[in-house]
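This report refers to the structure that appears directly beneath it.
The values are calculated or read from the model by the stated rules, or taken from the named source; none is laboratory data. Being a predicted model, the structure only gives us computed values, none of them experimental. Every residue, glycine among them, receives a Cβ derived from its backbone with ideal geometry; neighbour counts consider all protein chains shown.
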Amino acid sequence: LSLLALVYPSAALYSDETHLSSNFLTDYEPDRGGVVDSSQDARLHVFTFDYASVQIPCEVTLWILLASLAKIGFHLYHRLPRLMPESCVLIVIGALVGVIIFVTDHKSPPVMNTSIYFLYLLPPIVLEEGYFMPTRPFFENFGSILWWSVLGSLLNCFGIGLSLYGICQIEAFGLTDLNLLQNLLFGSMISAVDPVAALEVFEEASVNEQLYMMIFGESLLNDGITVVLYNIFIAFTQMHRYEEIESIDILAGFARFFVVGLGGVLFGIVFGFVSAFMTRFTHNISAIEPLLVFMFSYLSYLSAEILYISGILAMTACAVTMKKYVEENVSQNSYTTIKYFMKMLSSVSETLIFMFMGVSTVGKNHEWNWAFICFTLLFCLIWRALSVFALFYISNKFRTYPFTFKDQLIISYSGLRGASSFSLAFLLPVHLFPRKNLFITSTLVVTYFTVFLQGITIGPLVRYLDVRKTNKKESVNEEIHVRLMDHLKAGIEDICGHWSHYQLRDKFKKFDNKYLKKILIREHLPKSSIVSLYKKLEIKMAIEMAESGMISSTAPSTSSQSSRNRHTHWLSHAEVLSMRNVLAHNLYQVRQRAPSYSQHNLPMDAKEKQAQEILIRRQHSLRQSCRKGNSLPWGRPAGTEAVRYLSLPHGSRQPARRKPRRVTFRVWKASRSRSATPNVIKA
C-alpha cells in the first residue's frame, strides 16, 4: 500500500511538470532547418528518471502483484477462509487503497471503467466458467436452470422497478423526477447477481449437485439476460418519447430479447466448431493450440458485441463446444497449459474486479437518499425470495427430485450482487440519467450488504440447515455403469414409446459419432500419458520375460501358423451379407411413430377402482376403531353413535375362554426286578 501511495503522487507530479525533458537523456531532434540546436544540453546523464513513459504498464503490473499478494495472504491464515469469503477481503484492501489515493488528491485515480470490465476482465471469467462447466448435470437440470434464470431475472427486474416507481411517487422522499423507465432500468441493473462467494461456500460444504448447478447456471446466464434487458431499456430511454411508446416498440423489445440470447448461443457454437476444426491440423505444431483456443473464444465475444448480441452467451456456448472437441485434438501438454492459464486469468480478473470496487467506493461521485437506498435493499430481498419460492413451486411439479424448502431458502439467500451491477451503474449516460450518482450509491450499498452480510453468513446457514450433501466423485466403475444405464433406459423408452432426455441424448450421440466427430476430430488421436506409459511397461515386461526364457523370443514357424489357420473357418462375403440381412429384418424393427403414453394417463380398471375404494374404507374404519376415546370408561365420544367399529362395544363382556383339555401320559419305568412303576405326567 505504501508503494502505491508513493507511486501515484509521483505520477501526478511528473505529469504536471513541463520541464522534464532537461532531466532525461537528450534526444537529437533536428529543427526546421535540419541543424541541431547547439544551445540544447547534449551532455550524458548518469542517472535519469522517466516514469511517465512506463506509467500504464507499471501500474497494471503493480495492481496484479497487489492482487496476487492479497490472495496469498488470504489463504495463509487458515481460519480466515472459514470466517468470510475472499471477495470481502479484496474489497476491504481496495477501499484502503482508495482512501490513500483520495487523501493524496490524485487527479486521475484508477476507476473500473466499463470498457475495461466488459472487454478485458469479464471474458476470462466467463470463459473459465463455460469451459470447466460439468456438462452432464448442467443439461440434466437445463429446464429448471432456464426457467429460473430467465423468469427469475424478469420477475426481479420488473418487480423491483415497479415497486421503486411506486415509492418515487411519494413527494416526501424527493424522488418524483425518476420516471418509470429509469426505475425499470435500475431494476434490470440491480438484478444482476454474482454468487462467487456462494459458489465458494458450496464447494467447501460439498452441497448436493442439483443445488450447486442451479446457482452455477444462474451465475452463467443471469449476466447475459440482465445486460440484454439493460440495453433494451437504454434504447427506450433514448427515444425521448416516454409517453408515446407504442405496443410495437414493446413487441420489438421482446423480439430483441430472444434474438440477442439465441443469436449469441448460435454464434458461440459456430466459433466453437471452427476452433475445433482448426485444431484438427495442429498435430505438428502443438505450441499454437492454446493460442487458438483463447483467440477463437475471445473473437466470439468481440464479434457478438459488434453485432449487438449477447457476448457472454456467445463465449459460454463457444467454451462448451470447444471443451467437447478441442480436448480430443490437442496434446496433453497443451491441455495442461489451457487449463492452468485459463484458471490464472479468471482468478486475476476476479481479484482485480473486487479491488477496483473497493477503490471506486471512496470518491465524490455519490448521492445519498435514505428512502431510495433502504427500499432498494428491501425490495431486492423480497422479490428474490418471492421469485424463488413461486418458480420452484411450479418447477417441482415436473421434477423427479424436487427442491426442498431448505434448498429454496439457500438459493434465495445466495443472491449476491457484484461487479456486473456496479459496472452497469457506471455505464449510465449522465444526460439521460441526472440522478446517476444516486444509482451508483444504491448499487454500492446493496453490493456491500449482500457480499459482506450474506456472504459471511451463508456458510453457517448451510451448516445449520444441514443441507443435503453430495456424494464423492464417481469412480471409473460407476461412470461405466452410468453410461450402461443411460443406454438401457434409452432402449426402454424406445420400446414403450415414451420420449425423455435419455432418448434425446442417445440420438445426439449417434449424430455426433456419425457426422460431427468425423469432421471436427482428427483420425489419429494423440495417446494420453497413461496409455503411453502402459505401453512402455508392457514392452519392458515382454523383453524381460523373453530374456528370462519364460516366453520364446523367436518368431513362430510357418508350420505352426498354417496349423492355426487350418482350424479357423473364415466366412465368405455372401454369408456375411445373409447374416446381416437376417439380423436387420428379424432382430430389430424400426419403431412406428405412435403417440407417447404414460402410466399415469392409463384408465383405471373398474375392479381395481372398487378394490381401492374398499381398501380406503377399511383403513378409515381401522383408524376410527383405534381412537383413544373408545377405551374411556365413560362411554363413546360424542358424534360416534353411527360409526361401525371392528372392536367390541363398550360395556360388553368378553366370552369365556374355552377350557384347555387335560391330557395324561403314563410313562412306565422298568426296574431290575422287572416290575413297572408308572409315572404320571399331566399336561
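Details
- Taking region 155-183 as the range and being aliphatic (A, V, I, L, M) and modelled with pLDDT under 90 as the test, the residues that pass are ILE170, ALA172, LEU175, LEU178, LEU180, LEU181.
- From THR321, THR336, residue being surrounded by fewer than 15 Cβ atoms within 10 Å (Cβ to Cβ) and over 28 Å from ILE234 (Cα atoms): THR336
- Unmet criterion (only one of (1) modelled with pLDDT under 85; (2) more than 26 Å from ILE456 (Cα to Cα); (3) not aliphatic (A, V, I, L, M)) for GLY98: (2)
- So VAL445, is it hydrophobic (A, V, I, L, M, F, W, C) and closer than 24 Å to PRO134 by Cβ: no
- The listed residue being out of contact with any strand residue (DSSP E or B) (no Cβ under 7 Å at 6 or more places or on another chain), assigned to a helix (DSSP H, G or I) and more than 27 Å from LEU427 (Cβ to Cβ), out of ALA255, ALA276: ALA276
- Residue within region 451-467 that is at pLDDT 85 or above, within 25 Å of the chain's Cα centre (by Cα) and more than 21 Å from SER206 (Cα to Cα) present: yes
- Among residues of region 181-202, those that are touching a residue at least 40 places away in the same chain (Cβ under 8 Å), buried (at least 18 other Cβ atoms within 10 Å of the Cβ) and in a helix (DSSP H, G or I), counted: 13
- Checked against (1) among the hydroxyl-bearing types (Ser, Thr, Tyr); (2) crowded, with 22+ Cβ neighbours inside 10 Å; (3) modelled with pLDDT under 80, SER206 passes all but condition (2).
- The residue that is surrounded by the most Cβ atoms within 10 Å (Cβ to Cβ), among those in region 475-522 that are in a helix (DSSP H, G or I) and of a type in the set (Gly, Ala, Ser), is ALA490.
- The lone criterion from (1) crowded, with 20+ Cβ neighbours inside 10 Å; (2) at pLDDT 85 or above; (3) more than 23 Å from ILE215 (Cβ to Cβ) left unmet by CYS380 is number (3).
- Only a single criterion out of (1) surrounded by fewer than 19 Cβ atoms within 10 Å (Cβ to Cβ); (2) farther than 29 Å from SER395 by Cβ is not satisfied by LEU121, namely (1).
- Between LEU262, LEU220, LEU292, the distinction of being of a type in the set (A, V, I, L, M), touching a Ser or Thr at 6+ places or on another chain (Cβ under 7 Å), closer than 22 Å to PHE142 by Cβ and not assigned by TED's automatic domain parsing to the domain that holds ASP512 belongs to LEU220 only.
- Pairs where the first residue, in region 158-176, is outside any helix (DSSP H, G or I) and the second is basic (Lys, Arg), C-beta under 8 Å, 6+ apart: none
- Pick from region 351-377, criterion assigned to a helix (DSSP H, G or I) and touching a Pro at 6+ places or on another chain (Cβ under 9 Å), ranking: nearest to PHE433 (Cα to Cα): SER360
Every residue, every condition in (1) farther than 30 Å from ARG505 by Cα; (2) free of Cβ contacts under 8 Å to residues at least 60 places away in the same chain; (3) in a helix (DSSP H, G or I); (4) out of contact with any Leu (no Cβ under 8 Å at 6 or more places or on another chain), yes or no:
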residue	(1), (2), (3), (4)
ILE64	yes, no, yes, no
LEU69	yes, yes, yes, yes
HIS78	yes, yes, no, yes
VAL92	yes, no, yes, yes
VAL99	yes, no, yes, yes
ILE125	no, no, yes, yes
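- Residue count for region 342-377 under the criterion of being more than 30 Å from ASP105 (Cα to Cα) and surrounded by fewer than 17 Cβ atoms within 10 Å (Cβ to Cβ): the result is 5.
- Residue count for region 55-108, restricted to those that are hydroxyl-bearing (Ser, Thr, Tyr) and either over 14 Å from VAL359 (Cα atoms) or in contact with a Lys or Arg (Cβ under 6 Å, 6 or more places away or on another chain) (or both): 3
- Condition check for ILE288: assigned to a helix (DSSP H, G or I) and surrounded by fewer than 18 Cβ atoms within 10 Å (Cβ to Cβ): yes
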